[in-house]
Structure formats: C-alpha cells, structure tokens
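Asks: Got a structure for you, written out below as structure tokens; questions coming shortly.
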Amino acid sequence: MSNTAQRPDAGAPQSAHCRYVLRLADTSLILAQRLGEWVGHAPAIEEDLGLANISLDLLGQARMLLAYAGELERRGRSEDDLAYLREESEYFNVTLVEQPNGDFGQTIVRQFLVDAWLHELHEHLQQSKDARLAEIAARSLKETRYHLRFSAGWMIRLGDGTAASHGRVQAALERLWPFTNELFASDEVDREMAGAGIGPAPAALQAAWSARVAAVLAEATIVMPQAASFPWFGRQGRHSEHLGYVLAEMQSLHRAHPGASW
C-alpha cells in the first residue's frame with residue numbers, strides 16, 4: 001500500500017486551529033528525536049539519563065498534541081499517521097529544533113533557548129480558551145520547568161567553566177541565535193489564534209524570554225549575540241536541510257512495515 005493511500009485526504013487544507021496544534025506537536029516531536037540521538041553517547045551517565053528523560057517528556061507532549069490535531073483535522077489520521085506518514089513540507093516545527101546536536105555544548109544551547117521559550121509559551125497557553133490545549137499546557141509546564149533547570153544549569157557550568165567549554169558554548173550560541181527569530185514572528189495562523197484567545201501572539205513572549213536568557217547568559221559569562229536575519233520558517237513548512245535526515249531515520253521503520261503495531 002502506498003503512503004498516499006495511508007493518508008486520507010492528504011491534500012485537503014487544514015484549519016488554522018489544527019495547524020497551530022501541529023506546530024506545537026511537531027516542535028516537541030522533532031526535538032525529542034534529536035535528543036534521543038544522545039542515548040548512550042552523552043558525556044556521563046547522569047547527562048545520558050537527563051537527556052533521555054527530557055526526550056521522553058517531549059515525546060509524551062507530542063503524542064497528546066498529535067492526537068488532538070488528528071481530532072481537529074477530522075480526516076481519520078492517528079497520532080502515528082501524523083508522526084510518521086507526512087512529507088517534510090507537512091511538518092511545522094520551529095527550525096531551531098531540527099538543527100544538529102553537534103557537541104554536548106551545542107545541544108545544551110539549543111535546548112536552553114527552546115526551554116526558555118516553551119516555558120513562556122506553556123505559561124500563556126494555560127489561559128487558552130481551548131480547554132484541551134490549556135490542559136496539555138498545564139501538564140507540559142511542569143516538565144518544562146525541569147527541562148529549563150537542567151539546560152540553564154549546564155549553560156552556566158559550561159559557559160563559566162574552562163576556556164574550551166566557554167568557547168564552544170559561545171560559538172554554538174552565535175550559530176543558533178538567528179533561528180530564535182522564528183519563535184517570535186507572527187503569521188496568519190498566529191494572528192487568528194491570538195484573536196480567538198487560543199494562543200498568545202508570539203511577540204508577547206519575547207520580553208520575558210529575553211530577560212530569562214540574558215540573566216542566564218550573564219551568569220554563564222556568555223555574550224548575547226547581535227540580532228541577525230534568517231531565511232527559514234519551519235512553522236510554515238519551509239525547513240533547513242537537516243529535517244529531511246531526521247525524518248528519514250524517524251520514519252524508516254514505520255514506512256518499512258506499514259500498519260505494524262506492538
């Protein structure tokens with residue numbers, strides 16, 4: 001059976017509400033996949049377990065959101081269908097989470113930037129007029145607080161550590177910083193959701209995020225980069241070259257054995 005046959009009405013347009021939930025789901029899903037690549041390879045057992053637990057938390061959040069997106073979509077697609085049987089342009093994660101792990105320092109920088117953003121996002125989503133989304137956000141916030149403590153703690157340890165660790169973290173931050181622009185850029189989906197009281201306007205999160213990031217960077221003796229433009233917009237399905245490789249690995253088993261279950 002072809003993949004198209006397994007994705008009913010794959011070409012039909014999605015509502016802004018469904019697209020918004022998919023953006024949240026895909027961001028957690030792809031970041032979970034990236035962190036899963038560290039299992040068995042982290043610098044020490046404690047960090048190995050820490051990254052694995054964060055990955056599992058994010059996967060759990062993604063599953064709740066994908067299941068809800070499937071209900072909003074009304075095409076009969078399950079969370080597995082949405083996770084494994086979409087093409088690259090049909091994923092709507094922020095571009096930051098698909099960036100390669102690099103070394104441990106780069107992974108921590110990426111995680112910290114995302115954690116600080118998700119913390120503010122989940123705080124706001126608790127007040128959503130969408131009761132289901134508010135419930136998911138409240139559950140996710142408890143996990144996000146732990147994730148942020150983990151990543152912020154490592155930012156400080158590495159940034160204010162040796163000259164080598166400081167240099168790597170600073171370089172990673174410079175490389176990843178342009179991708180943070182997407183976290184606060186609005187489009188029609190964001191504006192419709194903000195107008196309906198379902199999600200916050202992205203720009204409303206920026207001040208608190210910037211203050212939190214600046215405080216941790218100061219303690220880590222890391223310099224905040226200058227603003228820079230960016231050409232990606234993963235939340236609209238326009239990704240960097242890295243997402244295709246992530247999906248090829250993530251989807252390989254499911255596509256090789258369509259319809260299989262445990």
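Only the coordinates and a few stated rules stand behind these numbers; no lab work does. Every value quoted in this text rests on a predicted model; they were computed, and no experiment measured them. Don't worry about glycine lacking a Cβ; one is built from the backbone with ideal geometry, like all the others, and counts go over all protein chains shown.
Asks: Might you report the magnitude of the Cβ-based charge dipole of segment 50-108 about its Cα centre, with Lys and Arg at +1 and Asp and Glu at -1, to the nearest 20 debye?
Replies: That gives segment 50-108 a dipole magnitude of about 160 debye.
Asks: Looking only at Leu31, Leu82, Leu96, which one moves most when the chain is put into a Gaussian network model with springs between Cα atoms under 10 Å?
Replies: Leu82
Asks: Here's a follow-up. Using unit Cβ charges (K, R positive; D, E negative) and no other charged atoms, how large, in debye to the nearest 20, is the dipole of the chain about its Cα centre?
Replies: 260
Asks: Can you tell which of Ala52, Ala116, Ala69 shows the greatest fluctuation in a Gaussian network model of the chain with Cα springs below 10 Å?
Replies: Its mean-square fluctuation being the largest, the pick is Ala52.
Asks: Quick check: convex hull over the Cα atoms of segment 26-170, volume per residue in Å³, rounded to an integer?
Replies: 108
Asks: So what does log10 I(q)/I(0) come out to for segment 158-262 at q = 0.13, 0.22 Å⁻¹, using the Debye formula with one equal point on every Cα and no solvent?
Replies: Treating every Cα as an identical point scatterer, log10 I(q)/I(0) equals -0.74, -1.13.
Asks: Using Cα atoms only, what is the angle between the long axis of helix 45-73 and the major principal axis of the chain, expressed in degrees (0 to 90) to the nearest 10?
Replies: Roughly 30 degrees, rounded to the nearest 10.
Asks: Further question on the same structure: Once fully extended, how much extra length lies between Gln126 and His257, figured as 0.36 nm per residue of separation less the alpha-carbon to alpha-carbon distance?
Replies: The Gln126-His257 span can extend by a further 43.3 nm.
Asks: Something else now. Would you mind finding the longest exposed-site-free stretch of the chain, with exposed trypsin sites (Lys or Arg not before Pro) meaning DSSP loop and at most 13 other Cβ atoms within 10 Å?
Replies: 130-262
Asks: How much mean residue ellipticity at 222 nm does the chain get from its helices, if each DSSP H run of length 4 or more adds -39500 (n - 2.57) and you divide by all residues, to the nearest 500 deg cm²/dmol?
Replies: So the helix-based figure for the chain works out to -20000 deg cm²/dmol.
Asks: Which angle from 0 to 90°, rounded to the nearest 10, does the C-alpha axis of helix 163-176 make with the longest principal axis of the chain?
Replies: 40
Asks: Highest GNM mean-square fluctuation, the chain, Cα pairs closer than 10 Å: which of Leu49, Leu141, Leu176?
Replies: The residue with the greatest mean-square fluctuation here is Leu49.
Asks: Let me ask another. Any chance you could list the semi-axes, whole Å, largest first, of the equivalent ellipsoid that the Cα gyration tensor gives for segment 86-234, using √(5λ)?
Replies: 28, 17, 14
Asks: Here is a follow-up. Using every pair of alpha-carbon atoms in segment 148-220, split the distances into 10 Å bins beginning at 0 and state the percent of pairs per bin, rounded to integers.
Replies: Calculated P(r), rounded to whole percents: 17, 39, 25, 15, 3.
Asks: May I ask you to evaluate 6.51 cos²θ - 1.76 cosθ + 1.60, the Karplus curve with θ = phi - 60°, for each residue of segment 79-90 and list the ³J(HN,Hα) values in order in whole Hz, giving x for glycine and proline?
Replies: These are the phi-based 3J(HN,Hα) values: 4, 5, 4, 5, 6, 10, 10, 10, 8, 3, 6, 9 Hz.
Asks: Taking θ = phi - 60°, what integer Hz values does the Karplus form 6.51 cos²θ - 1.76 cosθ + 1.60 yield along segment 25-33, in sequence order, with x for Gly and Pro?
Replies: Couplings: 4, 5, 4, 5, 5, 5, 5, 4, 5 Hz.
Asks: Right, something else. With angles folded into 0 to 90 degrees, how steeply does helix 104-125 sit against the dominant principal axis of the chain? Use alpha carbons for both and round to 10.
Replies: Rounded to the nearest ten degrees, it is 60.
Asks: In addition: Quick one: which residues, 5+ away or cross-chain, put their amide H under 5 Å from the amide H of Arg238? H built at 1.01 Å from N.
Replies: Correct list: Phe233.
Asks: Per Stokes-Einstein, at 20 °C and 1.002 mPa s, what whole-number D in µm² s⁻¹ belongs to segment 135-177, with the Kirkwood radius over Cα pairs as the hydrodynamic radius?
Replies: 183
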